[in-house]
Amino acid sequence: MDVLLIVFLTLLNGAFAMSELALAASRKARLAAMAESGDKGAQTALQLLENPTQFLSSVQVGITSIGMLNGIVGEAAFSAGLASWMTGLGMPEASAEITATAIVVVAITFITIVFGELVPKRIGQLYPEVVARWVSRPMAWVATGAKPFVMLLSATTQGVLKLLRIDTNAVQHVTEEEIDASLQEGVGAGIIEEHEHQMVRNVFLLDDRPLTSIMVPRSDIEWLDAGATLEDALAKAQQGGHSWYPVCRGGLEEVLGVIHLPLLMGLAGQGKAEGWYRNASPAVFVPETLSGMELLEQFRAQSTRVVLVVDEYGEVQGMLTPLDMLEAITGELSPETPLEAWATPQEDGSWLVDGSMPAHELKARLDIKELPDEDKGRYNTVAGLMQAVAGELLARGDRVEIAGWEFEVLKLEGRRIDEVRIEAVSAPPEDDAQTATP
């Protein structure tokens, strides 16, 4: 009978321990979804989580009481018999009683730790929401029954915390780093796909990324000249393969508006070639100091599908569409330059890199923690990075050391760096960058 009582108390201790960890590890979002679907256990679990002090106090009362009972029952049931057996073997009576008590305590403690703590807690950790749904209602009954004693414990706890000047009302908000860590854990467990994790990270990064790192740069903007005929403008637009085009008079210094390709085709079909550029919609200009998230708000607030990015002097520096913003989150949907073309690894360990490769892509590819002056927005591409570090125009064959890597200009297109070789230096420099050497 005593053995059955100890087994029962150990299992009851395990139920308390499993309930405590399961409810603590449960995700409120999952429990809320279950509760909305009518799950009574999930609803009770959420109620317990709303008042954790009462629940945790009830659990501690239960675990402590069971531990004391286990010790009392075990000592009474086994110590005397074990001591008598040891005395029969010739051990002195006083030594036999002490040794028997120690053996019984160690044995019961071992059984309680394994079957009353570790195994149940591991189950609660592996299946938190499932366990929480099943145990929440019995635990709620226990909490109700122990409420008077729990209230005394809670009042004492609050009093001690006040004496220690600890703010019990402080709210710990979830940070981006904690969300990212949870997502990484989900990726490791196979619950979340790697590309889903990357998309969420990109959303967080969007608020820190300047428009200059997302936009189509000025040199790559395809625009239509208001002085061209409708036939020539339509041919250029169809050849470019884009939906929207800036309409300019002579160049991007004088932007008249933006026009949609289907509208151009409609004008051509109706024979309205004269003054076709007057059908362009007003252009929307945004400063290059905006972040990606702020631009998203601009797209929401204004019924436009294209914006032109200008610098502090009002000069057009780039162009952006909602598709560019989407690609900043998901990665390029139909990249004209695949990631493999940005940077190609060589057999000797070096890299051949396109000069127009975005600087943030370079950091990820080479696992560089920090680039020189990246927070100042002085550059957006590998070519711009090299020019910023060198402080002068570079020629073919010039080399620059940056963050433990040596950048060599292999090819120029006019004055623009077109192709770069990057290789690790034998001993990384103390500073992030050194001056260029011809």
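Things worth noting here:
- Placing pseudo-labels 7 Å out from each Cα toward the beta carbon at GLN298 and GLN238 gives an inter-label distance of 3.2 nm.
- Shown in residue order for segment 102-116 are the 3J(HN,Hα) couplings computed by the Karplus curve 6.51 cos²θ - 1.76 cosθ + 1.60 at θ = phi - 60°: 5, 5, 5, 4, 5, 5, 5, 4, 4, 4, 5, 5, 6, 8, x Hz (x for Gly and Pro).
- Choice from PRO287, PRO372, PRO138 with maximal GNM fluctuation in the chain (Cα, 10 Å cutoff): PRO138
- Per-peptide average of other Cβ atoms within 10 Å, ordering 140-147, 2-9, 402-409 highest first: 402-409, 140-147, 2-9
- Judged by the mean number of other Cβ atoms found within 10 Å, the most tightly packed of the peptides 185-193, 313-321 leads the ranking 313-321, 185-193.
- At an R0 of 22 angstrom, the distance between the Cβ atoms of ALA181 and ASP373 translates into a FRET efficiency of 0.15.
- Simple label model, 7 Å out from Cα along Cβ direction - ARG27 to ILE72, nm: 4.4
- GLU288/ASN202 FRET efficiency (R0 25 Å; Cβ-Cβ; nearest 0.05): 0.80
- Nonlocal amide H pairs with GLU401, under 5 Å, H built at 1.01 Å: PHE407, GLN434
- Ranked packing of 222-229, 296-303, most packed first, by mean Cβ within 10 Å: 222-229, 296-303
- Length gained when the stretch SER95-ARG249 is fully extended (0.36 nm per residue, less Cα-Cα span): 44.8 nm
- Modelled this way, with points 7 Å down the Cα-to-C-beta line, the labels at THR87 and GLU50 are 6.0 nm from one another.
- Theoretical gain in end-to-end length, GLN125 to ASN279 [0.36 nm per residue, Cα-Cα removed]: 49.0 nm
Laboratory data are not the source of any read-out in this text; all were calculated from the coordinates shown. Since the structure is predicted, the reported quantities are computational estimates derived from the model, not experimental observations. Positions of Cβ are backbone-derived with ideal geometry, glycine not excepted, and every protein chain shown enters the neighbour counts.
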